[in-house]
Each structure stands twice: as structure tokens, then as C-alpha cells.
Amino acid sequence: AQASRKDVRDAVAAARTAFGGWAGRTAYNRAQILYRIAEMLEGRRDQFTAEVRHTGTSKPQAAAQVDAAIDRWVWYAGWADKIGAVAGAANPVAGPYFNFSSPEPAGVVAVIAPDSPLLGLVSVLAPAIVTGNTTVVVASQPAPLAAITLAEVLATSDLPAGVVNILTGHRTELAPWLASHMDVNAIDLTGIPAEHVQELEDKAAGNLKRVFRAADDWTKDPTTTRMTAFLETKTVWHPVGV
């Protein structure tokens, strides 16, 4: 299917509706759901391998990519109840107060996935949702089949409706609408060609979206960078003894 501007609007509306419930779940519960998705990915390993092979990849390489995608999903799932401790802090202050900084999800995150049909998609999707964000994802343009199968996995898992909304079509047509949408809080430009990045950054400035543009980092071992890129920090003061 070739998604349209209306599909973008509908996907953003679905993501916004789902945000409160997903962000409000406990980190432990989000981890449980993501681990379950990883189990379902593994259960359809042969199907994903066959779909990755459609891109011209050899069977051993396709199988290795699928295994890496499953492992990476598990890796991010494990961070659901740990990222708060790593990204948060108890701040020293000169006075009878407690001062805490705690991370909170940014909101609706638009993700332009790279062309890697499964590993690239997992690498940009999992870190956005593990911290409580909801997403609108533009799948690989030349190889969207694995993304469609992943959508089936997500729809039949315990992931709430609207947390992940996958669009297929031309990224250069869909990305500008996501970048300029006033109800999108952040955008990941990983799958965008370098010559279009500046245009989208300009559009994203309309509502001060967070913009993440590390195009090649997903090919490396994952770190906490992608998770913290879509977090806001809330700092709270509280009198001691009250």
C-alpha cells in the first residue's frame, strides 16, 4: 500500500490516543510485553528469513540478520525498567530539599526506518517504544514486506493498539508531513537521504521537535543513545521531612 497524507494524520492521531496508556504503564510491564514480542519474532524466524531473502540476501546472511534483530529487540526490552535509573539522578542542592531528575517519554515519535528490512527497523523502533513513546513508522521503501509481517506480530501480541503505526510508501512523500505535523514531538531521520535532512529539520522546527539524525549508528552495537534521544527530563524539588 502507498500511504498518503491522510494515513499520516490518522496514524498520528492513533499514536496520540495510545500515548497516555502506554506511558502510564509500569516499566516492568512494558518489558514483559516487549519480551513477548521477541518470543513471537523468534517463533516466525523462518518466515522472516524468507522475506529478508527476497531482497537478494543469501540464506545464511538473512538468517543472521533475523537472529540479530531478535537479539536486539531482547536487548532493548531489558532496558525498560533500567533506563530510568541510568538517565535519572538525585541532585545535590544547598538547602533542606530533595531534588530529583527523572526521565519521561517525549510523546509521539515519527521514525523513518532505514532500508534494512528487519534489523534496521527493529533498531530504530524498539528504543523509541521501550521508554513509553508511541510511534509512527515509515517502513523500508524498497523492502517493506518484513515490516508488514512485524505489524502482524505486534497486532497479535499484548502491545496496545496505536503504540506502533507502520506506514508503507515513499518516504520522501511521507516524511515532510510527519516533520511538519504539530502533534508529533520527535522525529528520527535515520532512513532519510542526506540531501533531504536539512529540509526536514527546517519543517520540524515549527513545534521544536526533537530531531535524531545519526543515520549509520543502527549498524553498530546498540547503546542507550537512541533511548535517551526521545526522553524529556523532569526535575522535582521537595522539602526534606515533608
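Observations, loosely collected:
- Accessible area per residue, Å², the chain with all protein chains present, probe 1.4 Å: 46
- Each residue of segment 153-242 gets 192 Å³ once the volume of the Cα convex hull is shared out per residue.
- Using C-alpha pairs below 8 Å separated by at least 6 residues, the relative contact order for segment 5-239 is 27 percent.
- Global dimensions of segment 19-118 from alpha-carbon coordinates: Rg and Dmax equal 18.8, 64 Å.
- Zone of Tyr97's modelled label, taken as backbone nitrogen in segment 198-242 under 12 Å from a point 7 Å along Cα→Cβ: 235-240
- Summed over qualifying helices (DSSP H, 4 residues or more, each -39500 (n - 2.57)) and divided by its residue number, the chain shows a 222 nm mean residue ellipticity of -15000 deg cm²/dmol.
- Label-point separation, Asp115 to Glu173 (7 Å along Cα→Cβ), nm: 1.9
- Taking 0.36 nm per residue of sequence separation and removing the Cα-Cα distance, the Ser4/Trp75 pair yields an extension gain of 22.2 nm.
- With every protein chain in place, the chain: carbon and sulfur % of accessible area (1.4 Å): 54
- Against the rule of thumb 2.2 N^0.38 Å, how large the Cα Rg of segment 177-221 comes out: 1.15
- Using the alpha carbons alone, the radius of gyration of segment 83-242 stands to its Kirkwood radius in an Rg to Rh ratio of 1.05.
- The heavy atoms of Tyr28 offer some 140 square angstrom of accessible surface to a 1.4 angstrom probe.
- Distance between the pseudo-spin-label points of Lys59 and Glu201 (7 Å out from Cα toward the beta carbon): 4.6 nm.
The values are calculated or read from the model by the stated rules, or taken from the named source; none is laboratory data. As the structure is a computational prediction, the values presented were derived from the model and not from experiment. Please note: Cβ atoms are built from the backbone with ideal geometry, for glycine as well, and neighbour counts cover all protein chains shown. SASA here: full protein model, heavy atoms, side chains in, ligands and nucleic acids out. Shrake-Rupley method; radii C 1.70, N 1.55, O 1.52, S 1.80 Å.
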